[in-house]
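Following: one structure in structure tokens, then a few remarks.
The values are calculated or read from the model by the stated rules, or taken from the named source; none is laboratory data. Here the structure is a predicted model, which is why all the values come from computation and not from measurement. Cβ placement follows ideal geometry from the backbone for every residue including glycine, while neighbour counts extend to all protein chains displayed.
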2 protein chains.
Amino acid sequence: MALKTGTMLKNRILFRQLFDNASFTYTYLLGDVNSKECIIIDPVLEQVKRDFKLVNELGLKLKFAMNTHMHADHITGSGYLKQLSGCKSVISKMSGAQADIYLEDEDIFSFGNYNLKALATPGHTNGCLSYYFEDQQMVFTGDTLLIRGCGRTDFQEGSPEVLYKSVHSKIFTLPLDTIVYPAHDYKGVMSSSVAEELKFNPRLTKSLKEFVDIMNNLNLDYPKQIDKAVPANRVCGLHDIPDDIDIKIK
Amino acid sequence: MALKTGTMLKNRILFRQLFDNASFTYTYLLGDVNSKECIIIDPVLEQVKRDFKLVNELGLKLKFAMNTHMHADHITGSGYLKQLSGCKSVISKMSGAQADIYLEDEDIFSFGNYNLKALATPGHTNGCLSYYFEDQQMVFTGDTLLIRGCGRTDFQEGSPEVLYKSVHSKIFTLPLDTIVYPAHDYKGVMSSSVAEELKFNPRLTKSLKEFVDIMNNLNLDYPKQIDKAVPANRVCGLHDIPDDIDIKIK
């Protein structure tokens, strides 16, 4: 069933950005063409069948279903991916969510011949991690740094001061060419770069004081999915999909 | 205003895929980091301000606003991009649409130090071109080849026989590693490869006869935007935005 061609994407990492149109979430598939090991970052429950089908078609073996943090706007696909593939779920130790593997700041994890580094970037939640892939000049920033924006700091353990410090100390210090891949975008833009956000991010180019003022006065609606998503995500990395959640994909 | 860093994306083409959530259209920005020349493929009128702002932020100069074909599901942004930037509009000679530059099969066009080749891939319309970027192992297939699908052949000059022949002779003969970037996807998938479509495309892996049967029995609704989009696109590459179209972006 899977692709047999050994020439496919030679000399390149197999990289796919995927989109969930309901929650505006980006999911990332990263595969090593040689060893066939792959990881998925920020899978969305309703898209697991699509994503796992792609993993199989590409002849890959899923090693980790990872989350950048405990999401409040969608239910993670990690639990369902575990059921389907036997992969391990991964999240920050600080997240408060259960998973097979817990990461801390500066932890290195690998798939095939590639290494990524976890960067603790709290502020949207206490457990927010960014995943830095130095070899490919990529950073997966979750909800910490968005394209010309950033994650909310008005629920869960949100703190604008902490988020500002995380971005300036951990992401804006990466090489300028590093491509920024966020967990969401609401305008159809799929990536940015450290250089661009350093110059054009309308919030994070401000002083800390101005930033805190902006974040404390956004007056956003209460997140629609939070009361369903957070309890599910707290256990979903470890356990089966809760029975009371209609995943509508079977 | 524009980014000054010369190190940004060095050794890499500047490449951005952008999405229009209303028509599910992908727009592509390709830039030469050294000369700063760039092109946009399949711009959408309602997203022109977003895209042109990005061109300016990245310090690029827009050379061509190109279309893969005369679209029926959205109004092209080429006319408005011409007004804003002074770029030239480009489309197939066979499209029936007006533009500054007309391309035919095998024509080479360039931005900065990079060349792309136009491949005549009719079938969805008579004027469908795919744009092959050999240096970067990319092909922009418009509505000719979609991810696990293909464009409709039941309106404009659609012909399933012609589309099948185009894909098999012009796209499936490219190197297997070539990344396929279509004009649309409706499931949140952003790219594919020639190898994948050769193996997994549910329509184009069939025989010609089976393919024609499939395409002639899709029973799809009449395209919602066609009566507005096609007349506008017929002139929009050359002239100003028609006054009667509310572009809602000024």
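Figures for the structure shown
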item: Residues satisfying the stated conditions in the stretch A:64-76, i.e. part of a loop (DSSP other than H, G, I, E, B) and modelled with pLDDT of 95 or more; result: A:Asn67, A:Thr68, A:His69
item: Residue selected from the stretch A:176-215 under the condition in contact (Cβ under 8 Å) with a residue 60 or more places away in the chain and hydrophobic (A, V, I, L, M, F, W, C), by the criterion nearest to B:Ser23 (Cα to Cα); result: A:Met190
item: Matching residues in the stretch B:140-175 - criterion: being out of contact with any Gly (no Cβ under 9 Å at 6 or more places or on another chain), at pLDDT 95 or above and among the hydrophobic types (A, V, I, L, M, F, W, C); result: B:Phe140, B:Leu146, B:Ile147, B:Ile171, B:Phe172, B:Leu174
item: Residue that is farthest from the other protein chains (Cβ to nearest Cβ) [pool: residues in the stretch A:150-189 that are in a loop (DSSP other than H, G, I, E, B) and among the acidic types (Asp, Glu)]; result: A:Glu157
item: Yes/no for A:Thr125 being more than 14 Å from chain B (Cβ to nearest Cβ), at pLDDT 95 or above and in contact with a strand residue (DSSP E or B) (Cβ under 6 Å, 6 or more places away or on another chain); result: no
item: Filter result (modelled with pLDDT of 90 or more, touching a Lys or Arg at 6+ places or on another chain (Cβ under 9 Å) and surrounded by fewer than 14 Cβ atoms within 10 Å (Cβ to Cβ)) within the stretch A:206-249; result: A:Leu208, A:Glu210, A:Asp213, A:Leu218, A:Leu220
item: The stretch A:18-56: number of residues that are within 12 Å of chain B (Cβ to nearest Cβ) and either surrounded by fewer than 18 Cβ atoms within 10 Å (Cβ to Cβ) or part of a helix (DSSP H, G or I) (or both); result: 11
item: Selection status of B:Asn115, assigned to a strand (DSSP E or B), surrounded by fewer than 24 Cβ atoms within 10 Å (Cβ to Cβ) and free of Cβ contacts under 8 Å to residues at least 60 places away in the same chain; result: yes
item: Subset of the stretch A:128-149 that is outside any loop (DSSP other than H, G, I, E, B) and of a type in the set (A, V, I, L, M, F, W, C) - its residue that is nearest to the other protein chains (Cβ to nearest Cβ); result: A:Met138
item: Count of the stretch A:133-144 residues which are within 19 Å of A:Asp185 (Cα to Cα) and surrounded by fewer than 24 Cβ atoms within 10 Å (Cβ to Cβ); result: 1
item: Filtered residues of the stretch B:187-206 (kept if under 17 Å from A:Tyr28 (Cβ atoms) and basic (Lys, Arg)); result: B:Lys187
